[in-house]
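Report on the structure given below.
The values are calculated or read from the model by the stated rules, or taken from the named source; none is laboratory data. From a predicted model like this one, the values you see are computed outputs, not experimental measurements. Using ideal geometry, Cβ is built from the backbone for each residue, glycine included, and neighbour counts are taken over all protein chains shown. Just so you know, the surface numbers come from the protein's heavy atoms only, side chains and all, with ligands and any DNA or RNA stripped out. Shrake-Rupley method; radii C 1.70, N 1.55, O 1.52, S 1.80 Å.
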Amino acid sequence: MRTRVSLLLVVVFAFGFLSGRMIRADLQRPAPADPAPAVPAPVHASAPAPRDEAIAPVSIPPAGDLAAEEVRNIEIFKRASSSVVNITNIALRRDFFTTDVFQIPQGTGSGFVWDTEGHIVTNFHVVEGASSLSVTLADQSEAVEAEVVGIAPDKDLAVLKIKAPASRLTPLPVGRSADLQVGQTVLALGNPFGLDHSLTVGVVSALGRELQSPGGRTIRDVIQTDAAINPGNSGGPLLDSRGTLIGVNSAIYSPSGASAGIGFAVPVDTVRR
C-alpha cells in the first residue's frame, strides 16, 4: 500500500514539474509581432512629369544671327543713306563795329538726291532766309554750293540744284503715298542735331493729317508717324519697308522741341506734283 502511494506521489510531482517548465518556456518565448497595418500608397490625380520632360527645350539662335526684319532694315539703310545729304543754311551778317560782312550758319537740315542731274529735295523751312546754301553729300566730301531752283512754301517743299558728277549722285526709288496703310513700317533718315546718317524706325500712325505750312496755309493728306523725327531730320526721306520714298520728313509735334512720338511727312505724291 505504501509502495503505491509513493509511486503516485512521484508521478504527481513529475507531472507538476514538467508542467511548470512548459509554462515558464511559454512565458519566456517572445510573442509574435503583430503584422504592420497596410498603408495604401498615395494616389495623385495627375502626377507632375519630371522637370526635364515638363519643360520643352528652347532653341537659342547662335550669336550674330539677325531677324529678317533687322536684315531688311540694315539693307535699306545701306542703300538709302548714300542718297541723303546734309544742308547748311548760311546767312550774311554785318559786324556792327567794322561794317564787315561775314557768313554764319543759321541752321542745318536734311535732303535727298532726286536724280543724277543734281536736283536735291528738301523742306522750304530748311532753306528759308538763306543767303547761300551748301550741300554735303553722303561721302562726306567737300561741301558743294547749292542753288534754289524751285520752292513751294505752301507745301513746305524746295528743290535745290548742285553741280556734281552723276557718279556721286544716287537717287532714291520713288514710291506712292496714296496706297499707304496705318500700321505699316516706315524708316526715317536724316541728320538730327547734326548727327549725320541716322536712322529711326516706326509705323504709319495716321493718314490724312493737316499741317500748317511756313506760308500759313494748310498742307493736306500729311503722313503721321511715330518714327523719331528731331530738328535736323527735316527734309530727309521717309521710306517704306521696300526702301522706296513715300514722304519728306517735315515737322514734329512736341512742346519741348524734341521727338515725342508724333512726326509728320509731306507725302511723295505731293512732291511729284
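For region 154-254, a simple Cβ point-charge model (Lys and Arg +1, Asp and Glu -1, everything else neutral) yields a dipole of about 360 debye relative to the Cα centre.
Applying the Karplus relation 6.51 cos²θ - 1.76 cosθ + 1.60 with θ = phi - 60° to region 144-158 yields 3J(HN,Hα) values of 10, 5, 10, 10, 7, 10, x, 9, 9, x, 6, 10, 6, 10, 8 Hz, where x marks Gly and Pro.
Each Lys or Arg adds one and each Asp or Glu subtracts one; over the other residues with Cβ under 14 Å from the Cβ of ALA80, this totals +1.
Note on region 100-199: dipole from Cβ charges, positive end direction compared against LEU180, GLY109, ALA158; the farthest Cα belongs to LEU180.
In region 132-273, the inverse of the mean reciprocal separation of distinct Cα atoms equals 15.6 Å; this is its Kirkwood hydrodynamic radius.
Accessible surface of GLU145, taken over heavy atoms with a 1.4 Å probe and every protein chain present, rounds to 140 Å². For the pair ARG209 and HIS197, the difference between a 0.36 nm per residue extended length and the Cα-Cα distance amounts to 1.6 nm.
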